[in-house]
1. So which residues in the stretch 61-115 are of a type in the set (Lys, Arg) and surrounded by 10 or more Cβ atoms within 10 Å (Cβ to Cβ), if there are any at all?
2. When only residues in the stretch 1-11 that are surrounded by 10 or more Cβ atoms within 10 Å (Cβ to Cβ) and of a type outside the set (S, T, N, Q) count, which is nearest to the chain's Cα centre (by Cα)?
3. Could you please give the count of residues in the stretch 12-44 that are among the hydrophobic types (A, V, I, L, M, F, W, C), surrounded by fewer than 13 Cβ atoms within 10 Å (Cβ to Cβ) and free of Cβ contacts under 8 Å to residues at least 60 places away in the same chain?
4. May I ask you to verify whether LEU85 is in contact (Cβ under 8 Å) with a residue 60 or more places away in the chain and not acidic (Asp, Glu)?
5. Output the number of the condition that LEU121 fails; it satisfies all remaining conditions of (1) among the hydrophobic types (A, V, I, L, M, F, W, C); (2) within 28 Å of ALA39 (Cβ to Cβ); (3) out of contact with any helix residue (DSSP H, G or I) (no Cβ under 7 Å at 6 or more places or on another chain).
6. How about the stretch 11-109: which helices (runs of 4 or more DSSP H) wholly inside it have at least 3 residues that are closer than 29 Å to GLY128 by Cα?
Amino acid sequence: MINAALVATTVFLALAGGIVVGTSFVALLVIFDLIPRLAQLSNAYHLSFVFEAAVISGALYFTVADFFDLGIKLPYVATSTLSGLFNGMFVGMLAAALTEVMNVLPILAKRLRLSAAMVALMMAMVLGKLTGSLVDWLLFQW
């Protein structure tokens, strides 16, 4: 009896967690308007289905890979390089979308009278994020 209750609770929590994560992912894409913005920036409105297919394919692949413990067996350097590249692209696009939606930088630059130093402000943010990530990865994750 206890085993059945434990299984039922586990199934309920797994389904609830999956629904929350899936809904959050879709809300993130819709609120940030990520796919239409990528199509606009790349002047590829006619290829927007490719962006959509890439997002769906990535979500499906990593879901299946997580369920069945699949992995790509590549040398460490290749795996690290590919993983870092794709994670960096994702985080960069997400940060750019958040910045655009919130319009943080123009408001900050106008209020602090830093409009002339906008490029330096962006580079400081990028280099700060890069330095923080490298320090965390190289010092604390090893």
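Only the coordinates and a few stated rules stand behind these numbers; no lab work does. Quick caveat: nothing in here was measured; it's all calculated off a predicted structure. Neighbour counts run over all protein chains shown; Cβ positions are idealised from the backbone, glycine included.
1. Start the filter on the stretch 61-115 by keeping residues that are of a type in the set (Lys, Arg), which leaves 73, 110-111, 113.
Residue satisfying the conditions is LYS110 alone.
2. Residues of the stretch 1-11 surrounded by 10 or more Cβ atoms within 10 Å (Cβ to Cβ): 6-11.
In the following step, the residues that additionally are of a type outside the set (S, T, N, Q) were identified as 6-8, 11.
Numbers: LEU6: 33, VAL7: 32, ALA8: 32, VAL11: 27 Å.
Only one residue tops the list, namely VAL11.
3. Pass one, the stretch 12-44, residues among the hydrophobic types (A, V, I, L, M, F, W, C): 12-16, 19-21, 25-32, 34-35, 38-39, 41, 44.
Applying the additional criterion that residues be surrounded by fewer than 13 Cβ atoms within 10 Å (Cβ to Cβ) yields 12-16, 19-21, 25-27, 30-31, 41, 44.
Among the residues that remain, those that are also free of Cβ contacts under 8 Å to residues at least 60 places away in the same chain are: 12-16, 19-21, 25-27, 30, 41, 44.
Of the residues in that region, 14 qualify.
4. Spelling it out, it is not the case that LEU85 is in contact (Cβ under 8 Å) with a residue 60 or more places away in the chain and not acidic (Asp, Glu).
5. Evaluating LEU121 over (1) among the hydrophobic types (A, V, I, L, M, F, W, C); (2) within 28 Å of ALA39 (Cβ to Cβ); (3) out of contact with any helix residue (DSSP H, G or I) (no Cβ under 7 Å at 6 or more places or on another chain) leaves (3) as the failure.
6. Details: elements: 34-41, 48-67, 76-102.
Result: 34-41, 76-102.
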